[in-house]
Amino acid sequence: MRYTLMLLFAMLFIELSGQASQTVRGSAVDSESKYPLIGANVVLVDAGGMEHGTVTEVDGRFRLEGIALGRSTITFSYIGYAELKLDNIIIDAGKEMILNVEMEESATTLDEVVVSAAKSGEVVNEMAVVSAREFSVEETNRYAGSRGEPARMASNFAGVQGADDSRNDIIVRGNTPQGVLWRLDGFNIPNPNHFSIPGTGGGPVTILNNKFLANSDFFTGAFPAEYANGIAGVFDLKMRNGNNEKHEISAQIGFLGTELAVEGPLSKNSKASYLATYRYSTLSLFSFLGINLGTDAVPQYQDGSFRLNFPGKNGSAFSIFGIGGTSTIDIILSQEAAPDTTTLIYGSNNRDQYFTSNMYTLGATYTYPIDKNTFFKAGLMHAGSKIIAKHDYIYRHVENGLYKVDSLPQILDYTFQEKKYSMYGYINKKLSRQTSLKAGINVDLFDMNFFDRGRTIVPAEDPNEPASLLPWIERWNSADFAGLVQPYVQAKYRPSEQLTITGGITASYYSINDKSLVPFEPRLGLSYQLNDISKLSFGLGAHSQMQSNYLYYYKPTTDVQPYNLETMGPTKSKHAVLSYDAILNKKMRLKAETYFQYLSDVPVELVSSAFALINSGSGFSRLFPRPLQNTGDGRNYGVELTLERYFANNYYFMLTSSLYDSKYRGSNEEWHNTTFNGNYTFNGLFAREFPIKKKNSFNIGGKITYAGGRRYGDVDRDASARELEVIYADNSNFNEYQFKPYFRADLKLNYKINRKSLTHEFAVDIVNLLDTKNILTLTYDPENLTEPVREEYQLGRLPLFYYRIDF
């Protein structure tokens with residue numbers, strides 16, 4: 001490692017001769033049929049103001065050489081198609097810029113064509129007309145505090161916020177983070193995060209490396225019919241292909257890990273390519289710098305990805321891809337030499353804890369443009385996840401001021417494993433200039449194995465005596481197989497350039513029980529271009545989501561059967577969204593959305609209580625539910641505003657605000673705030689770029705978040721004293737109160753240096769710059785029995801840095 005660092009820094013400071021420039025190339029295809037467009041005009045204006053032009057060839061490909069480094073603008077035009085303009089394309093010396101674009105055919109005849117340009121943030125999926133946004137890899141790096149992660153980046157958008165600074169779960173319009181659907185290249189995938197907990201939608205660190213992602217879509221409501229099994233939002237992620245002409249390497253050393261990405265041609269004749277990434281981290285630097293993570297244990301994780309692409313004729317391609325990651329943390333307190341009363345944020349002070357999680361996907365896709373109007377795509381995938389946890393209770397005594405361990409009996413042993421076999425296929429047909437039709441099917445087959453047993457700790461009446469352990473109780477012991485089938489059909493109709501109508505129908509059936517059939521879910525979208533600068537859109541949708549698989553199989557004791565397996569069905573949701581989008585000038589955009597969401601068939605307890613499953617989905621704990629029934633309901637409504645200035649004149653900013661209300665009704669027939677009802681969120685982001693000697697740049701960016709505090713209720717002090725943790729009373733005040741508002745300021749600085757065929761970047765991202773103490777939760781304090789509840793805070797100031805080199 002030492003010699004590697006010396007080599008990298010030597011490369012940095014060696015001044016190489018020659019004028020640094022780069023190649024920009026790619027392809028242009030029809031957005032519906034994916035058929036190559038021959039003879040499309042491509043015009044690029046580089047950072048030096050020089051104009052470069054070409055036309056696409058027989059296979060739709062184009063190539064521009066000698067492009068000056070910096071930010072460029074590229075425009076695609078083709079007879080009978082809407083003009084496509086891409087601003088702020090960053091050209092670096094270390095990597096070729098490859099742009100594969102899709103152009104939309106005009107809805108009218110040639111002499112009626114109204115040329116329009118695509119705007120920043122417009123979604124790739126043309127069936128979505130509301131609550132949708134495209135995000136780029138550059139955005140995951142641009143926003144302060146995003147750490148290169150799609151989920152943390154999305155928390156900057158209106159209607160979206162993070163659930164916890166230590167995790168990347170996201171709350172979409174007051175919904176549970178578990179309601180977000182993750183897709184990769186058309187497949188529904190398991191939770192793509194390290195240290196994931198069953199039934200949650202996030203984790204402390206993502207497995208998704210932004211170096212393998214292409215521009216992707218994010219939806220927050222009323223999404224198209226092809227997306228099922230999600231009630232809150234959708235991440236529709238896409239992997240990019242590797243460079244098929246030139247071998248390229250990207251190496252990164254940072255606070256969160258050491259990374260390597262390689263790509264290049266497998267065969268220059270066939271244009272086949274490869275792309276692979278790997279990351280390894282121990283986070284041991286946290287301890288070295290004295291940053292408190294809530295535990296002295298050092299998390300360890302590693303992840304990787306690959307993609308092989310084999311292009312064929314007329315835009316066809318066969319691809320093989322995979323991602324995966326494994327993570328481990330061992331919190332071993334039995335090795336402590338002396339008593340320590342510090343309370344851990346993660347874990348308990350009376351046991352050793354061992355935790356391992358892993359996740360993987362391996363898939364293949366085949367794309368084939370049948371003709372100029374028809375496109376077919378199919379895929380197969382195998383995916384899996386596994387979580388293993390073991391706890392040992394610590395019996396010890398103090399002798400001469402030091403701990404002496406007496407014994408370490410095991411008190412928890414669980415292994416949850418899911419394997420999934422998936423397939424999908426769809427055909428997209430352009431019936432005319434105005435009309436297109438898409439029909440397909442998604443199939444997921446689950447192979448599930450859940451095992452868990454635990455022992456209850458009974459504190460002794462005499463505090464000087466050790467606690468006792470009850471016999472083992474088996475809470476999960478199931479091996480089962482179930483299938484989820486989702487057919488769909490959707491259409492788009494454009495009677496004029498101003499009006500777009502989309503509609504679709506989907507259905508789903510999960511064979512886990514006879515309660516999990518949803519025969520009809522309609523979707524509808526309307527978009528009308530009021531004038532050259534403004535657009536009004538409306539969307540409706542019925543959605544549903546099956547529950548986390550492990551919840552179906554829970555049983556409270558060894559000698560009973562799972563009581564939710566035959567009785568629990570999916571949660572259902574209806575969305576209505578009204579959107580107004582205006583281009584204020586060439587550099588600024590205003591978007592406003594208002595929405596109403598009604599949730600039904602929410603799992604609540606059979607007995608009268610405030611419990612509802614939609615309050616779960618984040619954090620580091622599993623659920624141990626009592627008997628549930630689908631009789632609860634909920635409602636979310638709000639208004640969102642986004643003011644965004646595109647990057648121009650070396651700066652940009654984005655302001656987002658959300659005012660919302662999220663409530664539910666449990667089996668006690670009372671309306672309560674959901675756990676995720678913060679009521680308001682405000683975000684402000686900005687960045688300023690300072691060009692240095694034309695090729696280099698220094699960037700400073702910041703983010704400010706102000707949001708409603710987390711919810712809590714009355715504390716049941718007797719139950720809390722009995723369990724040695726905070727237990728909230730199940731009464732009318734459940735989630736009635738709110739901690740003080742959440743405030744966080746982030747700052748990011750980065751310096752980019754371009755040499756001939758090399759790009760260096762140094763960056764520091766300071767999360768919670770002002771070290772604000774935001775309340776996370778209440779914890780039980782056994783050292784203060786008169787007032788045993790105290791506040792526990794989110795992570796404090798956290799400086800993250802990295803150095804990257806591309807060549």
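Key figures
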quantity	calculated
Residue in region 624-641 that is under 28 Å from the mean Cα position of the chain (by Cα), closer than 30 Å to Thr356 by Cβ, assigned to a loop (DSSP other than H, G, I, E, B) and touching a residue at least 40 places away in the same chain (Cβ under 8 Å) present	yes
Matching strands (runs of 3 or more DSSP E) fully within region 137-217 where at least 1 residues are at pLDDT 90 or above and closer than 24 Å to Thr365 by Cα	180-184
All positions within region 409-454 that are open to solvent by less than 40 Å² (accessible area, probe 1.4 Å) and basic (Lys, Arg)	Lys420, Lys430, Lys438
Single condition Gly48 does not satisfy, out of (1) part of a loop (DSSP other than H, G, I, E, B); (2) modelled with pLDDT of 90 or more; (3) over 19 Å from Asn373 (Cα atoms)	(2)
Members of region 569-591 that are open to solvent by 10 Å² or more (accessible area, probe 1.4 Å) and over 27 Å from Asn168 (Cβ atoms)	Lys574, Ala576, Leu578, Tyr580, Asp581, Ile583, Leu584, Asn585, Lys586, Lys587, Met588, Leu590
Those residues of region 531-558 which are over 24 Å from the mean Cα position of the chain (by Cα), buried (at least 18 other Cβ atoms within 10 Å of the Cβ) and assigned to a strand (DSSP E or B), in sequence order	Lys535, Ser537
Test: residue in region 720-729 that is at pLDDT 90 or above, on the phi < 0 side of the Ramachandran plot and not polar (S, T, N, Q)	no
Residue count for region 21-46, restricted to those that are at positive phi and surrounded by 19 or more Cβ atoms within 10 Å (Cβ to Cβ)	2
Any hit, region 650-669, residues being more than 21 Å from Ala154 (Cβ to Cβ), of a type in the set (A, V, I, L, M) and crowded, with 19+ Cβ neighbours inside 10 Å	no
Residue match in region 490-505 (condition: in contact with a helix residue (DSSP H, G or I) (Cβ under 7 Å, 6 or more places away or on another chain) and modelled with pLDDT of 95 or more)	no
Among the residues listed as Ser667, Ser658, Ser616, the single one being touching a helix residue (DSSP H, G or I) at 6+ places or on another chain (Cβ under 8 Å) and polar (S, T, N, Q)	Ser616
Top-ranked residue in region 455-465 [being of a type in the set (D, E, K, R) and within 19 Å of Leu408 (Cα to Cα); ranked as most open to solvent (accessible area, probe 1.4 Å)]	Glu465
Pick from region 214-229, criterion hydrophobic (A, V, I, L, M, F, W, C) and within 12 Å of the chain's Cα centre (by Cα), ranking: farthest from Phe321 (Cα to Cα)	Phe219
Any hit, region 594-605, residues being open to solvent by 40 Å² or more (accessible area, probe 1.4 Å) and within 22 Å of the chain's Cα centre (by Cα)	no
Which listed residue is in a loop (DSSP other than H, G, I, E, B) and either touching a Pro at 6+ places or on another chain (Cβ under 9 Å) or closer than 27 Å to Asn156 by Cβ (or both), from Gly701, Gly684, Gly678	Gly678
Residues of region 93-109 classified as open to solvent by 30 Å² or more (accessible area, probe 1.4 Å) and either over 22 Å from Val137 (Cβ atoms) or not β-branched (Val, Ile, Thr) (or both), total	7
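The values are calculated or read from the model by the stated rules, or taken from the named source; none is laboratory data. As the structure is a computational prediction, the values presented were derived from the model and not from experiment. Because the Cβ atoms are built from the backbone with ideal geometry, glycine has one as well, and the counts that use them run over all protein chains shown. We work out accessible area using only protein heavy atoms, side chains counted, and drop any ligands, DNA or RNA first. Shrake-Rupley method; radii C 1.70, N 1.55, O 1.52, S 1.80 Å.
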